[in-house]
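Structure record follows, encoded as structure tokens.
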Amino acid sequence: MIFSPQSKVWIYQSNRKFTHQEAVEIQQILDDFTSQWKAHGHQLKAKGGIFYQYFIVLTVDQETAHATGCSIDASVKTIKQIENKFGLDLFNRFNMAYKIDDEVHVVPKEDFETLISIKKIGLDTIVFNNLVQTLMEFEQKWEVPLQSSWHKNIFSEQLGI
């Protein structure tokens, strides 16, 4: 299925890595949900995927039909069900994700600040910008060096800039 670059995306970041079995089960839940996801009776062209065993990404091609309040609520309900079933935290925006040597790490904001202070994380460290809104932004601006992300502004004091 081909999606428009302007397709809407929602990113849910886990507080911990999914096990292989969890990822298989979560993907099945996402497939089941997106195959019947509707907005005002119109089938949405949608998909759900897992990235790096930490992220759930929902995509809706709004050229076909727009996600609306009720359909977005339905997706949040599904994500909350996944969260509860697997004992995950998918809504904590104070967890920071970064990548070193192609390995993703997720830590609380305070630990992220400490890692910057002790120079384990720097301006060139890849971070995840879960605020991207479209598929194009996801593909181009989701994984970026800290110096090119909103993280730079939040952690400027720790970075010494």
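Each reported figure results from applying straightforward, stated rules to the coordinates on display, with no laboratory input. For clarity, every value in this text was computed on a predicted model and none was experimentally measured. Note that each Cβ is placed from the backbone with ideal geometry, even for glycine, and that neighbours are counted across all protein chains shown.
Among Q36, G160, I56, which residue has its Cα positioned farthest towards the positive end of the charge dipole of the chain, with +1 placed on the Cβ of Lys and Arg, -1 on the Cβ of Asp and Glu, and the dipole taken about the Cα centre?
Going by the charge dipole, the pick is Q36.
Given 0.36 nm per residue, what is the gain on full extension from M136 to F51 after removing their alpha carbon distance, in nm?
Details: separation 85, 0.36 × 85 = 30.60 nm, distance 1.61 nm.
Additional length available on full extension: 29.0 nm.
Please give the length that would be gained between D89 and T19 if that part of the chain were fully extended, namely 0.36 nm times their separation in residues minus their C-alpha to C-alpha distance (nm, one decimal). Don't skip to the answer; put the middle values down first.
Numbers: separation 70, 0.36 × 70 = 25.20 nm, distance 1.45 nm.
Taking 0.36 nm per residue and subtracting the Cα distance, the gain is 23.8 nm.
Quick one: putting +1 on the C-beta of Lys and Arg, -1 on the C-beta of Asp and Glu, what dipole do you get for region 95-159 around its Cα centre, in Debye to the nearest 20?
Values: 6 positive and 11 negative charges, 35 e Å.
Charge dipole, region 95-159, about its Cα centre: 160 debye, nearest 20.
Just want to confirm a number: the relative contact order over region 8-86, from Cα pairs under 8 angstrom separated by 6+ residues, in percent. Present the calculation step by step, with values, prior to reporting the outcome.
Numbers: 103 pairs, mean separation 26.7, N = 79.
The normalised contact order for region 8-86 reaches 34 percent.
What residue among W150, W37, W142 shows peak mean-square fluctuation when the chain is described by a Gaussian network model with Cα springs under 10 Å?
Answer for the Gaussian network model of the chain: W150.
Hand me the tally of lysine pairs in region 8-86: alpha carbons under 18 angstrom apart, and the pair either on different chains or 8 or more positions apart.
For region 8-86, the number of qualifying lysine pairs is 11.
What number, rounded to the nearest 500 deg cm²/dmol, is the helix-based mean residue ellipticity at 222 nm of the chain, given -39500 (n - 2.57) per DSSP H run of at least four residues and division by all its residues?
Details: 6 runs with 59 residues, N = 161.
The helix contribution divided over the chain gives -10500 deg cm²/dmol.
Quick one: compute the contact order of the chain, relative version, from alpha carbon pairs under 8 angstrom and 6+ residues apart, as a percent.
Details: 245 pairs, mean separation 40.2, N = 161.
Here the relative contact order equals 25 percent.
Among [x] 18.9; [y] 15.3; [z] 16.7, which is the computed Kirkwood radius over Cα pairs in Å?
[z]
Compare G48, G87, G122 in a GNM of the chain, Cα atoms joined below 10 Å, and give the one with the largest fluctuation.
In the Gaussian network model the winner is G87.
What does the extension gain come out to for I118 and I154, with contour length at 0.36 nm per residue minus their alpha carbon separation?
On the way: separation 36, 0.36 × 36 = 12.96 nm, distance 1.69 nm.
Difference between extended and current length: 11.3 nm.
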